[in-house]
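The values are calculated or read from the model by the stated rules, or taken from the named source; none is laboratory data. What you see is a predicted model, and the numbers here were worked out from it, not measured in a lab. Here the Cβ positions follow ideal geometry from the backbone for every residue, glycine too, while neighbour counts run over all protein chains shown. Quick note on the areas: whole protein, heavy atoms, side chains included, nothing else; ligands and nucleic acids left out. Shrake-Rupley method; radii C 1.70, N 1.55, O 1.52, S 1.80 Å.
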Amino acid sequence: RKIKVEKDAELMCVFTFVVKAFEMEIVPAERIVAQIGDTLILTCNTTGCASPSFSWRTQMDSPLGGKVSSYRTHSTLTMNPVSIVNSHSYLCTVMCDGREKKEKSVKVELYSFPSDPVIEISPSLVAGEQATVICKIPDVYPSHHLEVLLKKDEHVLHETNFFEDDSTNTETKIVTHTFRPTAEDIGKEITCVAKLLIADMDFEHKERTSSQKLNANFGPQNTVIAASPGNSPMEGDTLNLTCVTQSNPPAKIVWSKYLAEESIQHVIKNNVLSVPHVHFNDSGRYICEVINPVTNKTEKAAVDIIVQGAPVITKLSIEPSTTVQEGENVSIQCSAESNPPPKIILRRKSDNADMRPYSARSILLPSVMFQNGGDYECLAENKFGKSKSEITLNVKYGPKNTMITVIPTAALKEGETVTMKCTSSGNPTPMISWKKKKANGESEKISKNATLTIRNLKSQDLGLYECEAYNEFGKEEKAVKLYVQGLLEEPDQTMIPLIIAFSSIAAVAVPAVAILIYVSRQAKINGSYSLVKALRLKV
């Protein structure tokens, strides 16, 4: 409208005022999509009204399900949180100055798709055995628009939808699928894809996915043993036995070695059994037993190990002892080990080049004799080499073969020197002593040396001399009779008889010398030497 103001007829001003018409609006307008659980604020704004009054209601006069706040030019309806009761068309009515009324509506459409699916798979799946995967889609609304896919990597395992569902509130929808996992499935992903497809509704997440890796327990299976450097290592090598198996979770390893009826068990934390510096007795059958504590299954693998190499002499012994007494029973044993088995020769060493074996592995000496003493050697040989060991048999025995040697062997005369030597064998070496028989028959010790020398022979030196050889195992005695031919003190008076004797003896002089030699040899054998007997033999 226009207002005219006059002043002094000279000036006239005209003011024009534009008054806006009464209007209202709702923000958001007409339609709003809200997720259950979120906060939604509807705002009713007015213009062109100095004192508007606001009111809110649902189209069906249902409870508002929210809080109304009115201000000078606008009013809000706050729904916090949005729930299923807010699925209405809301009308905002505005009265302007009590005369004019206007109203507008907005439709609130709800959905619920708040989080990704939850996948549940048993933590102890066993390959080949039936398993169930569960996919849970929490708090879905409206569920009759829900589609669910279960995939293993890119392969679809299961597909389902809830198009026929008539739920009127949020619900957690559950999809289950049963399958049989394989060992090859380990590490693959099970994915649950949930789609809430509402054609005329626009919201942020219309598709949600979750994935979980498969961990199927299986085995043990395909268990084998790898031997390094091989099944036939050389003695002294380091043998590594590796037990290879397929198992999830990793199997517990138990190693066993079987040799004849004896079992030796080793429990280790890994799959490698290491035997440094193998010996022949490490040969045998090794068993790798693998145990899966989850599947409660066991599998075994075996390998036969044969240690090869040159012979090793394991025993060279003399029973009952290396030092024995003559007459005891003696056994000499030799044993060796190798692969291939060795040829064993046990023999007595001698000064001769030809050392013939008594036996392949043992020598039995019943009632052993002193001649059996000495060094024995054991020789073991195969294609990889040979080994030799020696042992000494020490036979203890009393004196034997005691002999007396008299020098000179010709007829003895006063004033000469005679040497008598006594020898004897024994182990330990015999001690030698000399005794001389007295006229009263008693024996008198005269020397502890093996050699007895009498210088400047006299007639009183004649008699019986005894040699005694002794050690801790016995003694032996030999004797010799010594007769001395005296010198002639009056050669003139006896010249004729001596000449006669010499004459009568001359014919047999040569035989007499032969007799003396014979008597001397007999003395060595019999232990008695008599010049008188020698002279009597001459006559």
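Data for the structure
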read-out	value
Output for region 414-444, where each listed residue is free of Cβ contacts under 8 Å to residues at least 40 places away in the same chain, open to solvent by 70 Å² or more (accessible area, probe 1.4 Å) and closer than 30 Å to Q325 by Cα	K421
Considering residues of region 115-124 that are surrounded by fewer than 17 Cβ atoms within 10 Å (Cβ to Cβ) and not charged (D, E, K, R) only, the residue nearest to L77 (Cα to Cα)	S115
Strands (runs of 3 or more DSSP E) within region 276-319 that include 2 or more residues touching a residue at least 60 places away in the same chain (Cβ under 8 Å), assigned by the TED database to the domain that holds L259 and open to solvent by 60 Å² or more (accessible area, probe 1.4 Å)	297-305
Boolean, T409 is part of a loop (DSSP other than H, G, I, E, B), outside the structural domain of Q333 (by the TED database) and among the polar types (S, T, N, Q)	yes
Hits in region 49-72 (condition: loosely packed, with under 15 Cβ neighbours inside 10 Å and within 19 Å of K20 (Cβ to Cβ))	A50, S51, Y71, R72
Enumeration of residues in region 229-258 that are assigned to a strand (DSSP E or B) and open to solvent by 60 Å² or more (accessible area, probe 1.4 Å)	M234, V244, Q246, K252, Y258
